[in-house]
Amino acid sequence: MVGRIRFMKRPASNEQVFTLLGNTVASWFRKKFGSFTLSQRYAIPAIKARKSILVSSPTGSGKTLCAFTAILDYLIELSKRNELEDKVYCVYVSPLRALSRDIEVNLKGPLAEMQEQEGKEFGIRIAVRTGDTTQSERAAMLKKPPHILITTPETLAILLTTKRFREFLRAVEFCIVDEIHAMANKRGTHLSLSLERLQHISVMPITRIGLSATVAPLELVARFLVGYEKTAKGWQERECWIADVGFEKKIDVSVLTPTESLIYVHAEELSDKLYELIDKLVQEHRTTLIFTNTRSATERVVHHLKERFPSKYVENIGAHHSSLSRHSRLSIEQRLRNGELRVVVTSTSLELGIDIGYIDLVILLGSPKSVARAMQRIGRAGHKLHETAKGRFIVLDQDDLVECSVMQKAIKEKKIDKIDFPRNCLDVLAQHIYGMAIEQRWNVDELYNLVRQSYCYHELNREDFFAVISYLAGEYALEARDVYAKIWYDSETREIGRRGKLARMIYMTNIGTIPDESYVNVVIAGGERKGVKVGVIDEGFLERLRPGDVFVLGGERYEFLYTRGMNAYVKASVYRPPTIPSWFSEILPLSFDLACEIQRFRRLMAEKFTRGMSAEEIKGFIKKHLHVDDKIANAIYQYFYDQHAYIGIPHERLMLIEHYKAEKNFLVFHSLYGRRVNDALSRAYAYVIAQAGGRDVQIGINDNGFFIGGEKLHAEKALKFVTSENIDEILKEAIDRTEILKRRFRHCATRGLMILRSYKGKTKSVGRQQMKSEMLMHAVRKISQEFPILKEARREVMEDVMDVANAKKVLDWLHSKKIRVKHVNVKVPSPFALNLIMQGYADLIKIEDKLEFLKRMYDAIKKMQK
Amino acid sequence: MEHDIILTSYEHGREILPGIYALGKALWLKTLSMVVIADLHIGYEEALNKEGFLMPRQQFRQTTEELEKLFKITGKVNSVIVLGDLKHEFGEISKQEWFETFAVLDLLAKNSKEIILIKGNHDTILEPIAKRKNLEIKEIYFANDVAFWHGHKFHVELVKAKTIIAGHMHPAISLYDGVKSELYKCFLVGKWKGKNLVIMPSFLPIVEGMDVLKSKELWLDLKFNINNFNTYVIADKIYDFGKLKEIAKRMSS
């Protein structure tokens, strides 16, 4: 059978596209642009022919018209024939609320010009419907539905359950999903079911149009967009074309360091030189966009630039990140477009496609951790489609140096890392089934089939599906069934339906997939830096802190002193080891594909050193291989030389394990596979080791490796024991008592509506949600270890937080000896291990149960009392 | 602590003051043939449900199981003292909550000649319950020189007692080995104005209570130095951990 997901080989010619369009749009386009962009030449004919299509192209001009031209043309022609109906023809969904207004403007502008050209009104209505839409705007929509509806995934799910609005969705013809690459998370899973619900309501087959930045693999993204259908012959993928327009802009990218060496330099000097470098770059360009990875770093950079160069940066600098108010974000965006800003510093919020006007330089402060993200960020520079996008990485430590250098090579060679969508999420499923039951009665088998149309649920097994039905029907709570039941289920007629008067209200006010989070500021209590805000921590984390606890934040150690309001006061410059794991820091993980590229580079370097090549030869290789300058090549060479001379260089075929003794025993695994894989591997090994010793052990994780710390550590046994076959079972046990599972359980419980964030007019604080969710998890466990919400929390930890799939690959490589293991005893950790050790431990693998712990504490305290 | 472990603690009582035994989460005054339980908070889970937490119900079953275990050890007693907060209150009271409250009182009645209800701060609806069951509600109750008192509001007669038994505080202690910390229910035994003061843990399962090492508040309407109190931790049996200040000192060293 020919695959139903196919790449388009060549675009239509300009003239071909013009002939496809009606007079109005064709002549407007000719006058306005003269010709079509490459992506428009792919998309317009396909959409005209009602073929679903995924267009992968960089963010930039022409995107709105790429998706909408064929649809506008259709609507205008209908209007001319007076055949425009009062219904929604096209639903446009974007994960970014801020994008909605942009799109509206980008559509209404051309439409107005076309009306002027024709000297008449078409009567085409375009409306934005998001959480911000006012009551009166909503009422107007119910009177006269928009022909083009611009919305977000969350609002779409609400509209699908709104009785009166559903009537307007009965014959939707087009659905556009924008920024589809940003949907590789539960919002995407949620949307994929909404799309099937929309198709279910609509009597017409909906042509789906996906717009994506450069990501891989595109077939997967296409499958996510269109899903599956059940025909007489059985299940098959729906048809979809892919237009891979690629990166049309040229990229000019390089890596910079503030100082010659990154090791023999004081923190202060490094900081001075860093801001000098940033200032120099900014001054050399018109408008610079700086990406940092965290919100606190964003604030810090703005603060320092203003402080150090008071005459240069006053009104012309701004910060943009998600914890700023909507108003200040909009103002920054507007001033950017007006060209009033010299430099804007952002965390991740300007990554996606909001129009930000002319940017001529993008600075990446710290590694963006994936090639796709780096390209997305750098792609914000360069105004016109064919202009060069200029990006500069600035690195501050040696691991970042190597990582960013390999990354820029991958960018030049267009090696894009792969994304994936979470699958079979039972919490999101529960939310949707609840919503669907509110709409109408369903036959469960039909419902199951509808769910399986979504790519994210195509493989969902019957047991899990029915477990969710049972959960919603209150069958797990034998004692008080009516309290828990959200739907009724009749196993005779195999039907389900809504239950309770409040159902609609509960659904509408608790919908969505983004969990509530709240943060408190971490502020220095005294000394020189008194009052300086160094970052934020999760409210739930704060609850666990005791005065005197040492924790790690942004790579620095702090001692917790006390709390006042929304501030946690700390002492800086603490040298004691951390006493509490910093599980709150959900840092961007290094992509597996990029990690493997770095591992490969490490192998090439190891081979050069063992072959005894000269320093000059090796530096020459680095320069040529990574496309870097002398300064960078020197620094990389030095780092690798130090490692080579000490214990050798670990790489894709050699895993070094360092053994050393400090306040306890440590095993350091040089497993450069990204923190998601390391999270899985370290916990599995640590659990096996802890069980053998009967005591809890600590683990520390970063992208480049992990360590295990404890009393007795039998590494060899654990390495032999853990395999790709048994890692799922081991992890299921290993994560059972972790903080991350508790946290994710809360998220899943709110998505699965076990915890109603908003109920009877009251909303719950995050702290309260977390506290109660821990009791909930405890209680649920007693009912069944396979309770769907608990099962989902575990899946989320193992597949979304960790990356078990790739961890299994690594385990197979280890067992097949594709990766050799070498143990080395050391007095101090090797250069490559340093960053990992410095950051402290990330979590505790708990083996000892509560009673055993009590007995041990009792003995210890009694002994001291004697 | 797990329910099944707590159940075994009823088999291994410990004398915490002359003639006064800690049996699980209850007190047994053997010579007076008296059992004391505090802060049952029946309907706690239901209150959470009303707030929008889908908490499965386990409290009632666990509470009755523990009570049955308790009376299996003590046999039928002369009196049971409910030291306040029998019922957790939150909005309207459902049929189920009435049922559970009466079922617990029936279980107590079956195992004792009399039930004495002490008024707690959560007990605003105790009266109709007491009326239905023909019970009296007291602010304070004396058996010889032992005073039974919930703890939220000072009572003048407290000064007459030699020993005061109080609830209300839900004491629990967090043990910490420098790496991890776990919370356990406990009894606190110490002095107030030269009298013995026993603070009882809550009988309520599911929640351990308030960490006495972390909270600066005493809760009880009395002034005393909690650091000098002896701590008895409840697990599979009752563990005498010694003075609170000593524990804190050992754990921070």
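The values are calculated or read from the model by the stated rules, or taken from the named source; none is laboratory data. Just so it is clear, the structure is predicted and the values come from calculations on it, not from any experiment. When we count neighbours, we look across all protein chains shown, and the Cβ atoms used for this are built from the backbone with ideal geometry, even at glycine.
When you scan region A:525-542, do you find a residue that is of a type in the set (Asp, Glu), within 14 Å of another protein chain (Cβ to nearest Cβ) and not in a strand (DSSP E or B), even just one?
No, region A:525-542 contains no residue that is of a type in the set (Asp, Glu), within 14 Å of another protein chain (Cβ to nearest Cβ) and not in a strand (DSSP E or B).
Provide a single number: the residues in region B:54-92 that are more than 14 Å from chain A (Cβ to nearest Cβ), touching a Lys or Arg at 6+ places or on another chain (Cβ under 8 Å) and assigned to a loop (DSSP other than H, G, I, E, B).
2
For B:Leu197, are the conditions met, namely being part of a strand (DSSP E or B), modelled with pLDDT of 95 or more and either under 28 Å from B:Thr64 (Cβ atoms) or touching a Cys at 6+ places or on another chain (Cβ under 7 Å) (or both)?
Against the criterion (part of a strand (DSSP E or B), modelled with pLDDT of 95 or more and either under 28 Å from B:Thr64 (Cβ atoms) or touching a Cys at 6+ places or on another chain (Cβ under 7 Å) (or both)), B:Leu197 does not qualify.
Determine, yes or no, whether A:Lys144 is under 21 Å from the mean Cα position of the chain (by Cα) and over 26 Å from A:Ala43 (Cβ atoms).
Judged against the criteria, A:Lys144 is not a match.
Residues of region A:105-146 being among the acidic types (Asp, Glu), out of contact with any strand residue (DSSP E or B) (no Cβ under 8 Å at 6 or more places or on another chain) and in a helix (DSSP H, G or I), which ones?
Across region A:105-146, the qualifying residues are A:Glu113, A:Glu116, A:Glu118.
Taking the condition of being within 19 Å of A:Tyr858 (Cα to Cα) and more than 9 Å from chain A (Cβ to nearest Cβ), how many residues in region B:166-182 meet it?
Result for region B:166-182: 3.
A:Ala692 passes all but one of (1) modelled with pLDDT of 95 or more; (2) part of a helix (DSSP H, G or I); which number fails?
Going through (1) modelled with pLDDT of 95 or more; (2) part of a helix (DSSP H, G or I) one by one, A:Ala692 breaks only (1).
Need at least 1 residues that are touching a Cys at 6+ places or on another chain (Cβ under 6 Å), of a type outside the set (Val, Ile, Thr) and closer than 25 Å to A:Leu352 by Cα per element, so show me which helices (runs of 4 or more DSSP H) inside region A:1-75 make the cut, counting only ones lying wholly within it.
A:38-48
Working only within region A:106-138, note down all residues that are of a type in the set (Ser, Thr, Tyr) and more than 19 Å from A:Cys90 (Cα to Cα).
Selection gives A:Thr134, A:Ser136.
Does at least one position in region A:668-688 carry a residue that is within 32 Å of the chain's Cα centre (by Cα) and in a strand (DSSP E or B)?
yes
Hey, among A:Glu739, A:Glu792, which residue is within 14 Å of chain B (Cβ to nearest Cβ), of a type in the set (Asp, Glu) and either under 22 Å from the mean Cα position of the chain (by Cα) or on the phi > 0 side of the Ramachandran plot (or both)?
A:Glu739
Here is a check on your reading of the model: is A:Thr162 within 27 Å of A:Val105 (Cα to Cα) and free of Cβ contacts under 8 Å to residues at least 40 places away in the same chain?
yes
Report, by residue number, each residue of region A:846-862 that is closer than 16 Å to B:Gly178 by Cβ and more than 9 Å from every other protein chain (Cβ to nearest Cβ).
Correct list: A:Asp859 only.
Mind checking whether some residue in region A:803-813 is β-branched (Val, Ile, Thr), in contact (Cβ under 8 Å) with a residue 60 or more places away in the chain, in a helix (DSSP H, G or I) and farther than 26 Å from A:Asn678 by Cβ?
No - not one qualifying residue is present in region A:803-813.
Quick one: B:Ala248 ticks every box in (1) among the small types (Gly, Ala, Ser); (2) within 16 Å of B:Leu27 (Cα to Cα); (3) within 12 Å of chain A (Cβ to nearest Cβ); (4) free of Cβ contacts under 8 Å to residues at least 40 places away in the same chain except a single one, so which number is it?
(2)
Across region B:183-209, which residue is surrounded by the fewest Cβ atoms within 10 Å (Cβ to Cβ) among those that are farther than 20 Å from B:Asp85 by Cβ and more than 14 Å from chain A (Cβ to nearest Cβ)?
Per the stated criteria, the residue is B:Gly194.
Where in region A:548-667 are there strands (runs of 3 or more DSSP E), lying fully within it, with 2 or more residues that are assigned by TED's automatic domain parsing to the domain that holds A:Asn702 and touching a Lys or Arg at 6+ places or on another chain (Cβ under 8 Å)?
In region A:548-667, A:654-661 are the strands (runs of 3 or more DSSP E) which contain 2 or more residues that are assigned by TED's automatic domain parsing to the domain that holds A:Asn702 and touching a Lys or Arg at 6+ places or on another chain (Cβ under 8 Å).
I'm trying to understand the selection: among the residues of region A:353-374, which are within 20 Å of A:Ile632 (Cβ to Cβ) and modelled with pLDDT under 90?
Matches in region A:353-374: A:Gly366 only.
For the structure I just gave you, tell me whether B:Lys95 is within 14 Å of chain A (Cβ to nearest Cβ), modelled with pLDDT under 90 and over 30 Å from B:Asn227 (Cα atoms).
In short, yes.
Residues to consider are A:Thr151, A:Thr130; find the one that is free of Cβ contacts under 8 Å to residues at least 40 places away in the same chain and in the same structural domain as A:Lys32 (by TED's automatic domain parsing).
Sole residue among the options that is free of Cβ contacts under 8 Å to residues at least 40 places away in the same chain and in the same structural domain as A:Lys32 (by TED's automatic domain parsing): A:Thr130.
Scan A:Thr207, A:Thr189 and give me the residue that is in contact with a Lys or Arg (Cβ under 6 Å, 6 or more places away or on another chain) and buried (at least 22 other Cβ atoms within 10 Å of the Cβ).
A:Thr207
In region A:384-480, which helices (runs of 4 or more DSSP H) lie fully inside it and hold 2 or more residues that are under 26 Å from the mean Cα position of the chain (by Cα), within 14 Å of chain B (Cβ to nearest Cβ) and not hydroxyl-bearing (Ser, Thr, Tyr)?
Because the criterion is at least 2 residues that are under 26 Å from the mean Cα position of the chain (by Cα), within 14 Å of chain B (Cβ to nearest Cβ) and not hydroxyl-bearing (Ser, Thr, Tyr), the helices (runs of 4 or more DSSP H) in region A:384-480 that meet it are A:426-439.
Do you know which of the residues in region B:27-53 that are within 14 Å of chain A (Cβ to nearest Cβ) and assigned to a loop (DSSP other than H, G, I, E, B) is surrounded by the most Cβ atoms within 10 Å (Cβ to Cβ)?
B:Gly43
Can you tell which of B:Glu92, B:Glu97, B:Glu127, B:Glu136 is out of contact with any strand residue (DSSP E or B) (no Cβ under 6 Å at 6 or more places or on another chain) and surrounded by 20 or more Cβ atoms within 10 Å (Cβ to Cβ)?
B:Glu97
Of the residues in region A:817-850, how many are more than 32 Å from the chain's Cα centre (by Cα) and at pLDDT below 90?
Counting residues in region A:817-850 that are more than 32 Å from the chain's Cα centre (by Cα) and at pLDDT below 90 gives 3.
Give the residue, chosen from A:Leu776, A:Leu753, that is outside any helix (DSSP H, G or I), surrounded by 22 or more Cβ atoms within 10 Å (Cβ to Cβ) and either at the interface with another protein chain (Cβ under 10 Å from one of its Cβ atoms) or of a type in the set (Ser, Thr, Tyr) (or both).
Residue meeting the stated conditions: A:Leu753.
Give me the residue from region A:670-708 that is acidic (Asp, Glu) and in contact with a Lys or Arg (Cβ under 9 Å, 6 or more places away or on another chain) and, out of that set, farthest from the other protein chains (Cβ to nearest Cβ).
Across region A:670-708, the extreme among qualifying residues is A:Asp703.
Taking the options A:Val402, A:Val395, A:Val406, name whichever one is closer than 17 Å to A:Leu277 by Cα and of a type in the set (A, V, I, L, M).
From the options A:Val402, A:Val395, A:Val406, the qualifying one is A:Val395.
Quick test for you: out of A:Lys850, A:Lys846, pick the one residue that is farther than 19 Å from A:Ile263 by Cβ and in contact with a Lys or Arg (Cβ under 8 Å, 6 or more places away or on another chain).
A:Lys846
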